[in-house]
């Protein structure tokens with residue numbers, strides 16, 4: 001039997017075969033922690049939260065600070081009404097990955113369920129001040145609105161608009177807030193500003209037309225002015 005040689009005279013067949021086998025092995029390889037996490041997720045989505053917690057805890061025995069494992073464990077604890085334990089896991093997730101947006105929102109929600117809304121908002125405010133990211137500022141605004149504190153929500157939506165005056169997603173979010181509180185003029189101003197930045201944004205023309213504004217209005221209107229009314 002003859003062996004096929006590579007370009008430099010090396011035996012290509014067996015080498016390629018071993019490489020292919022190795023790739024298949026690695027593709028099917030799953031660490032024990034990942035396997036336990038996946039089992040926990042399966043149980044979680046089936047509504048078996050107590051069993052899911054046990055799997056997530058077993059997975060965390062391999063790495064107590066792993067962010068996804070802690071987030072999943074926190075989510076299962078949350079569904080069981082164990083908010084203090086959920087807070088513990090969400091904090092661990094954020095210690096390892098400070099940019100874990102889902103964990104930030106989940107932590108605030110767990111604090112609220114625990115009856116500690118002030119702690120929730122103080123935490124989100126600290127995160128937003130630390131990162132300086134518009135997404136974190138919008139999260140603060142949304143949670144204030146969720147708690148019914150519309151004044152602080154407005155202040156933080158305005159901060160977000162100032163931070164990202166050319167981001168249509170941010171401008172639309174601010175506009176929708178003003179729509180929610182019945183300030184149609186301010187809402188239209190932000191929709192128009194968003195249209196000038198990105199006309200093809202889905203749903204934007206519909207938002208404008210709902211208030212009787214036209215594309216011409218959007219193109220010729222001045223930038224939205226900050227709202228100073230209480």
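The values are calculated or read from the model by the stated rules, or taken from the named source; none is laboratory data. For clarity, every value in this text was computed on a predicted model and none was experimentally measured. For neighbour counting, all protein chains shown are included, and Cβ atoms are generated from backbone atoms with ideal geometry for every residue, glycine included.
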| message | Here is a check on your reading of the model: is residue 41 within 23 Å of the chain's Cα centre (by Cα), at pLDDT 95 or above and surrounded by 14 or more Cβ atoms within 10 Å (Cβ to Cβ)? | response | yes
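Here's the yes/no breakdown for (1) surrounded by 19 or more Cβ atoms within 10 Å (Cβ to Cβ); (2) in contact with a helix residue (DSSP H, G or I) (Cβ under 7 Å, 6 or more places away or on another chain); (3) under 30 Å from residue 56 (Cα atoms):
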site	(1), (2), (3)
76	yes, yes, yes
83	yes, yes, yes
97	no, yes, yes
108	yes, yes, yes
114	no, yes, yes
127	yes, yes, yes
150	no, no, no
| note | Scanning segment 74-98 for residues that are without any contact (Cβ under 8 Å) to a residue 24 or more places away in the chain and in a helix (DSSP H, G or I), the one farthest from the chain's Cα centre (by Cα) turns out to be 85
| Is one or more of the residues making up segment 209-219 assigned to a helix (DSSP H, G or I), modelled with pLDDT of 85 or more and surrounded by fewer than 21 Cβ atoms within 10 Å (Cβ to Cβ)? | yes
| Condition met for residue 187 (within 26 Å of residue 94 (Cα to Cα) and surrounded by 14 or more Cβ atoms within 10 Å (Cβ to Cβ)) | no
| said: When you check residue 47 against the structure, is it in a loop (DSSP other than H, G, I, E, B) and modelled with pLDDT of 95 or more, yes or no? | reply: yes
